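*Asks:* Please see the structure below; I have some questions.
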Amino acid sequence: MGEQRAIAANLQTRRLVNRVMLTMAAISILVVVAPLILVLAWVTMQGLPALNLDFFTRLPGSPDDPHTGFANGIVGTLILLAISSLISVPVGIGAGIYLSEFGGSKFNTVLRFATDVLSGVPSISIGVFVYAWLVQPTRTFSAWAGGIALALIMIPLIIRSTEEMLRLVPQSIREAALALGAPVWRTVLRYALPVALPGVVTGILLAMARAAGETAPLLFTALGNNQWSTSLNEPVAALTLQVYFGAQSAYEIQKRQAWGGALVLVILVLVTSLLSRLAIRRVYAL
């Protein structure tokens, strides 16, 4: 009887502990999700009234003119992302392949450490570096400078995602290709990389989402522009810069447009995240 009571008491205690832990887990989920829901709801409420045809087709103008927009900022953001992607994607994928497939263990350790440090460097420090390295010598802010600053933010994310995705590729695929006489470089490019490509694309999309939301490095490099910029060697507008300056304005119209720009950025990040989720599902389905 005493042993049965002890077992029953132990079972009751375990059930109590289980309920407590489940409750704590549920509370933790709410703590994580609630701020996201509040941010999305508040930005949508504030920014949705500013989204109209003028917002997407017109340039910034008089601060009291309701018929102005952020068209140049949207196009400028796309230009900056295109420049940064052209730089960071080849470099990041190449370095990720090297870390996963080639190189000595000591050098790889140093390279991984450098990548981790670069990913943790504050974006404003990267902006100051590019300002001193490129803007000051050329004596001009430019889309090139902004794209390079964003590329430095994207590169470490692409490197690590590429390396990790290649490590998930079964070794048997490499062994089969090598057994058929394929050299190592062709094995990686023709067989291993295509299998890991959805995960690599996910890393690229997430890196682009982060770069699209950066403001500090662009203040030192792209500067911003209220007009259409047709040259990559001139200052260029960006959504984040227009949101930054509009939020500080004393005019309600510009503040409302800043909320609209913030909503567009949030939508961009959400769409990018959804695309990355779809890509990563394909990785685990393989």
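*Asks:* Just checking, which of Pro66, Pro60 is over 24 Å from the mean Cα position of the chain (by Cα), modelled with pLDDT under 95 and within 21 Å of Glu214 (Cβ to Cβ)?
*Replies:* When all the criteria are applied, what remains is Pro60.
*Asks:* Please go through (1) without any contact (Cβ under 8 Å) to a residue 12 or more places away in the chain; (2) touching an Asp or Glu at 6+ places or on another chain (Cβ under 9 Å); (3) of a type in the set (S, T, N, Q) for Gln248 and return the number of the only condition it doesn't satisfy.
*Replies:* In the conditions (1) without any contact (Cβ under 8 Å) to a residue 12 or more places away in the chain; (2) touching an Asp or Glu at 6+ places or on another chain (Cβ under 9 Å); (3) of a type in the set (S, T, N, Q), Gln248 misses (2) alone.
*Asks:* Provide a single number: the residues in segment 73-90 that are crowded, with 22+ Cβ neighbours inside 10 Å and either small (Gly, Ala, Ser) or more than 15 Å from Ala238 (Cβ to Cβ) (or both).
*Replies:* Residues meeting the conditions: 4.
*Asks:* From the list Trp133, Trp185, pick out the single residue that is assigned to a helix (DSSP H, G or I), free of Cβ contacts under 8 Å to residues at least 24 places away in the same chain and within 27 Å of the chain's Cα centre (by Cα).
*Replies:* Answer to the selection: Trp133.
*Asks:* When segment 264-286 is examined, which residues are found to be at pLDDT below 90, of a type in the set (Val, Ile, Thr) and surrounded by 14 or more Cβ atoms within 10 Å (Cβ to Cβ)?
*Replies:* Within segment 264-286, Val269, Thr272, Ile280, Val283 qualify.
*Asks:* Where residues in segment 115-135 are open to solvent by 10 Å² or more (accessible area, probe 1.4 Å), over 29 Å from Thr187 (Cβ atoms) and of a type in the set (Gly, Ala, Ser), which of them is modelled with the lowest pLDDT?
*Replies:* Filtering first and then ranking leaves Gly120.
*Asks:* Scan segment 202-231 for residues that are within 14 Å of Ala149 (Cα to Cα) and assigned to a loop (DSSP other than H, G, I, E, B) and jot them down.
*Replies:* Result: Gly213, Glu214, Thr215, Thr221, Ala222.
*Asks:* Please indicate, with yes or no, whether at least one residue in segment 65-72 is among the β-branched types (Val, Ile, Thr), in contact (Cβ under 8 Å) with a residue 12 or more places away in the chain and open to solvent by less than 60 Å² (accessible area, probe 1.4 Å).
*Replies:* So far as segment 65-72 goes, yes, one or more of its residues are among the β-branched types (Val, Ile, Thr), in contact (Cβ under 8 Å) with a residue 12 or more places away in the chain and open to solvent by less than 60 Å² (accessible area, probe 1.4 Å).
*Asks:* So for segment 161-177 (the condition being part of a loop (DSSP other than H, G, I, E, B), touching a helix residue (DSSP H, G or I) at 6+ places or on another chain (Cβ under 7 Å) and closer than 29 Å to Leu275 by Cβ), does at least one residue qualify?
*Replies:* Taking every residue of segment 161-177 in turn, at least one turns out to be part of a loop (DSSP other than H, G, I, E, B), touching a helix residue (DSSP H, G or I) at 6+ places or on another chain (Cβ under 7 Å) and closer than 29 Å to Leu275 by Cβ.
*Asks:* Continuing with the same structure: Please state which of the following conditions Asn233 fails to meet, knowing it meets all the rest: (1) in contact with a helix residue (DSSP H, G or I) (Cβ under 6 Å, 6 or more places away or on another chain); (2) open to solvent by 60 Å² or more (accessible area, probe 1.4 Å); (3) in contact (Cβ under 8 Å) with a residue 40 or more places away in the chain.
*Replies:* With respect to (1) in contact with a helix residue (DSSP H, G or I) (Cβ under 6 Å, 6 or more places away or on another chain); (2) open to solvent by 60 Å² or more (accessible area, probe 1.4 Å); (3) in contact (Cβ under 8 Å) with a residue 40 or more places away in the chain, Asn233 is out only on (1).
*Asks:* Take the residues of segment 136-182 that are under 30 Å from Ala238 (Cα atoms) and more than 24 Å from the chain's Cα centre (by Cα): which is surrounded by the most Cβ atoms within 10 Å (Cβ to Cβ)?
*Replies:* Taking the candidates together, the pick is Thr140.
*Asks:* Looking at segment 25-121, what helices (runs of 4 or more DSSP H) fall wholly within it and have at least 1 residues that are closer than 26 Å to Leu265 by Cα and small (Gly, Ala, Ser)?
*Replies:* In segment 25-121, 71-101, 105-120 are the helices (runs of 4 or more DSSP H) which contain 1 or more residues that are closer than 26 Å to Leu265 by Cα and small (Gly, Ala, Ser).
*Asks:* Can you confirm whether segment 256-265 contains a residue that is assigned to a helix (DSSP H, G or I) and closer than 16 Å to Ser88 by Cβ?
*Replies:* Looking for residues that are assigned to a helix (DSSP H, G or I) and closer than 16 Å to Ser88 by Cβ, one finds none in segment 256-265, hence no.
*Asks:* Out of Gly261, Gly203, which single residue is of a type outside the set (Lys, Arg), farther than 23 Å from Asn72 by Cβ and open to solvent by less than 30 Å² (accessible area, probe 1.4 Å)?
*Replies:* Testing whether each residue is of a type outside the set (Lys, Arg), farther than 23 Å from Asn72 by Cβ and open to solvent by less than 30 Å² (accessible area, probe 1.4 Å) leaves just Gly203.
The values are calculated or read from the model by the stated rules, or taken from the named source; none is laboratory data. Predicted model, so just to flag it, every value in this text is computed and none were measured. Cβ coordinates were reconstructed from backbone atoms using ideal geometry, including for glycine residues, and neighbour counts include every protein chain displayed. Note: accessible area is taken over every heavy atom of the protein model, side chains too, but ligands, DNA and RNA are not part of it. Shrake-Rupley method; radii C 1.70, N 1.55, O 1.52, S 1.80 Å.
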